[in-house]
Amino acid sequence: MPITKYALPDIIFGPGTFARMPLCARQLGAQRVLLVSDPGVERAGWVEQATDLLRADGLEWVYYNECVSNPRDTAVARGAEVYREERADVIVALGGGSPIDTAKGIAALVGNGGRIQDYEGANKLRKPLPPLLCLPTTAGSGSDISQFCIITDRKRRMKMSIISRTLTPNISIVDPLLTHTCDARLLLASAIDALAHAVESYLSVLSSPFTEGQALESVDRIMRFLPAAVQDKKPEALERLSIASTQAGMSFSNAGLGVGHSLAHTLGGIYDVGHGAVHSALLPVVMEYNMRDCLEKMAGIGRCIMGGELSNAEDTARGGIEYLRNFFTRLGAPVRLSRVLPDDTGLPAVSVGALQDVCTLTNPRTPHAGELLALCREAW
Ligand SMILES: [Fe+2]
C-alpha cells in the first residue's frame, strides 16, 4: 500500500457549539481576534451573536467583511494588512466557503508575506500561519476542514488553488443550527458541492481507506436527507447535511478532487458564477467521463446513490448517474450549464484553464483540453 497522510483540524460538532467560540479562541492564544465574515452572514444575525460572545468573554476583536462569492486576491491582501495594523493574534472565520477561504488567504499572507499568487499550487507555504478557528454557516464547502484555499486572481480571471498542510484550520466548530438561516437555494447548492467533494475524492488517485469510507457515507447522507432539508428545513435533516459536509471535507482535504472541480474553479474565475451552482450540471457528465477508468468504484457510488444495484457493475454505475440527474431535476437544481451561464463563448478558455488546475492531477482519467471542452459542451 502506498504511504498516505491524513490531516484534520480539531472538530467540535453539535447544536449549540457556536457558544464555545471564545473559549476555543482563547485556547489558541487569542486576546485580539480578527473576525472575518460577510454581509449575508451579518444579515442572518450570526456576526452580532459572535461579537456578543466575544464581548461577554472579555476578548477584543476587529471585524473584516470584504468577502464576496469567489473571494478575491485584493480582499485577501487588504485583510492581511488589517490583521497586521490591528495587531490581531487569532483569525476567526464565520460563514460559508467564501469568508473561510478569505480568512485562510489572510493567514497565508500574514505567516509567509508576499502575494497570494506566490503560493498557488501544492505545498508552497513554508512558514507557520497564525491560528485559525472556523465556524461554517453552510453545509457544503468543507473549507473549515480542508487544506485547500481557493482565491480568484481578478486580473487573470482565474481561481488559484492553494493547497498546504498549514492551511488546515486549527479548530472547526460545526454547529448545524447555523445552517438554519440558509435559504433553500443556498442549502441545495452547498449540499451539491459537498456531494461533488465526496464523489470526486472517492474516485481520486490519492483516495485511501481513510477517505473512502467518509466519502461514501457522505454521499449516502446527502441523498437521504437533502430533500427534507430543502423542503422543510427539518433540523434533523440539516444536522445530517452538516455531518455529510464535514465527512466530504475530511475526504477531499486528504484525497484531492477531480476535473469537476477543475472546471468549476475555472468557470468561477472566467464567469464569476457561484461555485455551488455548476456542480449539478458538471457532476453527472464528469462521472460518465471517468467511468472507463474506475468502473468498480463508480458502481460503488451507484449503489450508494440508488440504495441498491443493477445486474452488473456498468449498469449500476450508469444507473447511479441517471438517478442523480433525476434527483437534481426534482430538487430544482440546474442540470445544464446554459441555465447558469450567460453564453458559451468562454468555454474554450475554461477547458484550457481547467487542464492547469491542480485538481486535474488527482482525477482518475487523465484528460486533454479537447476532452474537457467536450465535457463542458455536453453539460451545456
Ligand atoms: Fe467545492
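The values are calculated or read from the model by the stated rules, or taken from the named source; none is laboratory data. All values reported here derive from a predicted model rather than from experimental measurement. Neighbour counts run over all protein chains shown; Cβ positions are idealised from the backbone, glycine included.
Quick notes on this structure:
- Residue check, Pro22 surrounded by 14 or more Cβ atoms within 10 Å (Cβ to Cβ) and either modelled with pLDDT of 95 or more or farther than 28 Å from Thr152 by Cβ (or both): yes
- The helices (runs of 4 or more DSSP H) found entirely in the stretch 28-115 that carry 2 or more residues being farther than 20 Å from Ile163 by Cβ and not hydroxyl-bearing (Ser, Thr, Tyr) are 39-43, 46-56, 73-85.
- Tally of residues being within 16 Å of the ligand (Cβ to nearest atom) and either of a type in the set (D, E, K, R) or farther than 21 Å from Lys155 by Cβ (or both) across the stretch 94-136: 9
- Residue in the stretch 357-365 that is surrounded by fewer than 18 Cβ atoms within 10 Å (Cβ to Cβ) and either without any contact (Cβ under 8 Å) to a residue 60 or more places away in the chain or under 25 Å from Arg224 (Cβ atoms) (or both) present: no
- In the stretch 316-371, the residues that are part of a helix (DSSP H, G or I), polar (S, T, N, Q) and out of contact with any Gly (no Cβ under 9 Å at 6 or more places or on another chain): Asn326, Thr329, Ser338, Gln356
- Qualifying residue in the stretch 286-301 (condition: in contact with a Leu (Cβ under 9 Å, 6 or more places away or on another chain) and within 16 Å of the ligand (Cβ to nearest atom)): yes
- Per the conditions (1) touching an Asp or Glu at 6+ places or on another chain (Cβ under 6 Å); (2) modelled with pLDDT of 95 or more; (3) not acidic (Asp, Glu), the sole criterion not satisfied by Gly319 is (1).
- Pairs where the first residue, in the stretch 183-200, is of a type in the set (Ser, Thr, Tyr) and the second is more than 9 Å from the ligand (Cβ to nearest atom), C-beta under 6 Å, 6+ apart: Ser190/Thr138; Ser190/Ala139
- Residues in the stretch 239-255 that are surrounded by 24 or more Cβ atoms within 10 Å (Cβ to Cβ), away from the ligand (no atom under 12 Å from the Cβ) and not polar (S, T, N, Q): Leu241, Ala244, Met250, Ala255.
- Among residues of the stretch 221-244 that are more than 21 Å from Ile12 (Cα to Cα), those with a Cβ under 8 angstrom from a residue that is among the charged types (D, E, K, R) and modelled with pLDDT of 95 or more, sequence gap 6+ or separate chain, pair up as Arg224/Arg240; Phe225/Glu236; Phe225/Arg240; Pro227/Arg330; Ala228/Glu236; Ala229/Arg240.
- Residue check for Ala77: assigned by TED's automatic domain parsing to the domain that holds Cys24, at pLDDT 95 or above, buried (at least 24 other Cβ atoms within 10 Å of the Cβ) and hydrophobic (A, V, I, L, M, F, W, C): no
- Every residue from the stretch 317-350 that is touching a Ser or Thr at 6+ places or on another chain (Cβ under 8 Å), without any contact (Cβ under 8 Å) to a residue 60 or more places away in the chain and crowded, with 17+ Cβ neighbours inside 10 Å: Pro334, Val335
- Of everything listed in (1) touching a residue at least 60 places away in the same chain (Cβ under 8 Å); (2) farther than 13 Å from Ile173 by Cβ; (3) surrounded by 15 or more Cβ atoms within 10 Å (Cβ to Cβ), the single unmet condition for Pro9 is (2).
- Which listed residue is over 16 Å from Val219 (Cα atoms) and either in a helix (DSSP H, G or I) or not polar (S, T, N, Q) (or both), from Leu310, Leu241, Leu283: Leu310
- In this structure, Thr137 does not qualify as more than 12 Å from the chain's Cα centre (by Cα) and under 21 Å from Leu263 (Cα atoms).
- Pairing each residue of the stretch 275-288 that is outside the structural domain of Asp101 (by TED's automatic domain parsing) with any residue that is of a type in the set (D, E, K, R) and at pLDDT 95 or above, provided the two are 6+ apart or on different chains, yields C-beta distances under 7 Å for His275/Asp193; Gly276/Asp193; His279/Asp193; Ala281/Arg336; Pro284/Arg325; Val285/Glu378.
- For the stretch 154-175, a residue qualifies if it is buried (at least 24 other Cβ atoms within 10 Å of the Cβ), in contact with a Leu (Cβ under 6 Å, 6 or more places away or on another chain) and either in a helix (DSSP H, G or I) or of a type in the set (A, V, I, L, M, F, W, C) (or both), and exactly one does: Ile173.
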